[in-house]
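Accompanying notes for the structure given below.
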Amino acid sequence: MHWSPDADALRGRVAVVAGATRGAGRGIAAALGEAGATVICTGRSSAAGRSRSDYDRPETIEETADLVTQLGGDGVAIQVDHLDSGEVRSLAQRIRTEYGGLDVLVNDIWGAEVLKGGPAEWNTPIWEHDLDKGLRILRLGIDTHLITSHHLLPLLITKRGGLLIEVTDGTTKFNAIEYRISVFYDLAKVAVNRLAFSQGHELEPHGATAIAITPGWLRSEMMLDRFGVTESNWRDALDPGLVGGYPDAPAGFAFSESPRYVGRAVAALAADPDRAKWNQQSVSSAQLAREYGFTDIDGLQPDGWSAH
């Protein structure tokens, strides 16, 4: 399918992507940049050093901001620990001073991928689960979103039409009937969907919209490293006969998506003047691709949830 982004669809709009260092956050920032937006990329991992994420990986918010600019937007990197209310308050003050307000806020903060453990650790009952790790999952996956919304939503309602995106794993419908890895992970991902519902209720009188969105099987930097491939040759992970192939890459990985796919979903919502129809809803990147017609970077419209 041939599709290309509209380079001016979001020109003049100001967005914050909280948790933009890597994964879905970087993909969302990049896609907003493709559409011409000014994107403030926040996170702990910075070329300036100081605080780093729990992952201690090489990606930085400056790299994400540079990517936004390369793609046609205006990328701005600001180091923020979204568990630190004072740092988020300072971010809000800076945005108010320099930009006057916000058009889009994306709450993509996570940082608990290592804490959730690998498949061998899944389904560990709460009484056997490490309590400190479990509570840290909730702090990283829920408290960060609450702190960020508390300080930044006042900037989103300065004019009508603001958009809040809550990024999670699994739609409300899916998570309502499926147990997700552990009590702690399950609660975190269900809660973020509910945050879009509850904040949408509070934002609606101000002409703003809140939507929860989930990617499918995401080809994040960590996932690609896990299978020993890159974005350019990721399908090799499905062929254990290749040198370096990984036989544990499940067949479902064939329907995985790049982080840009969920990013284009967010950009499509931001550009839709009728986006309020989605208020309080929980959607997937694939569902929005069918609705708006965008594709992933390979021209396809994968649906990682179709097997469920």
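The values are calculated or read from the model by the stated rules, or taken from the named source; none is laboratory data. Here the structure is a predicted model, which means the values were calculated and not measured. Here the Cβ is made from the backbone with ideal geometry for all residues, glycine too, and neighbour counts use every protein chain on show. Calculation scope for accessible area: heavy atoms of the full protein, side chains included, ligands and nucleic acids excluded. Shrake-Rupley method; radii C 1.70, N 1.55, O 1.52, S 1.80 Å.
Once fully extended, how much extra length lies between LYS159 and TYR292, figured as 0.36 nm per residue of separation less the alpha-carbon to alpha-carbon distance?
Separation in residues times 0.36 nm, less the Cα-Cα distance, equals 45.4 nm.
Please calculate the 1.4 Å probe accessible area of ARG96, with all protein chains present, and give it to the nearest 10 Å².
120 Å²
Just subtract the alpha-carbon distance of MET222 and ILE126 from 0.36 nm times their residue separation and send over the number in nm, one decimal.
On the way: separation 96, 0.36 × 96 = 34.56 nm, distance 2.62 nm.
Working it through step by step, the gained length comes to 31.9 nm.
Tell me, what % of the accessible area of the chain is carbon and sulfur with a 1.4 angstrom probe?
C and S atoms contribute 54 percent here.
Quick one: what do you get for the chain if you divide its Cα Rg by 2.2 N^0.38 Å?
Here the answer is 0.94, to two decimals.
Can you order the peptides 106-119, 129-142 by their average number of other Cβ atoms within 10 Å per residue, highest first?
Listed from highest to lowest mean packing, they are 106-119, 129-142.
Grab the Cα-Cα distance for PHE255 and SER198, subtract it from 0.36 nm times how many residues apart they are, and report the gain in nm with one decimal.
17.4 nm
Tell me which DSSP H helices of the chain clear both cut-offs, 15 Å or more of axial length from alpha-carbon atoms and a mean Kyte-Doolittle hydropathy of at least 1.0.
Qualifying helices, which must be both long enough and hydrophobic enough, do not occur.
Accessible area, 1.4 Å probe, largest first: how do SER45, SER90 sort?
SER90, SER45
Using only protein heavy atoms and a 1.4 Å probe, report how much of PHE174 is accessible, in Å² to the nearest 10.
Its heavy atoms expose roughly 30 Å² to the probe.
By a straight-distance test (C-alpha under 18 Å), which lysines pair with LYS189 as possible cross-link partners, with residues fewer than eight away in the same chain excluded?
Of all the lysines, those that pass the test against LYS189 - Cα under 18 Å, at least 8 places apart if same chain - are LYS116, LYS133, LYS173.
For VAL190, what accessible surface area do you get with a 1.4 Å probe? Give it in Å², rounded to 10.
Using a 1.4 Å probe on the heavy atoms, I get roughly 60 Å².
Take every Cα-Cα pair in the stretch 159-278 and report what % of them are more than 24 Å apart.
The proportion of pairs with Cα distances above 24 Å equals 42 percent.
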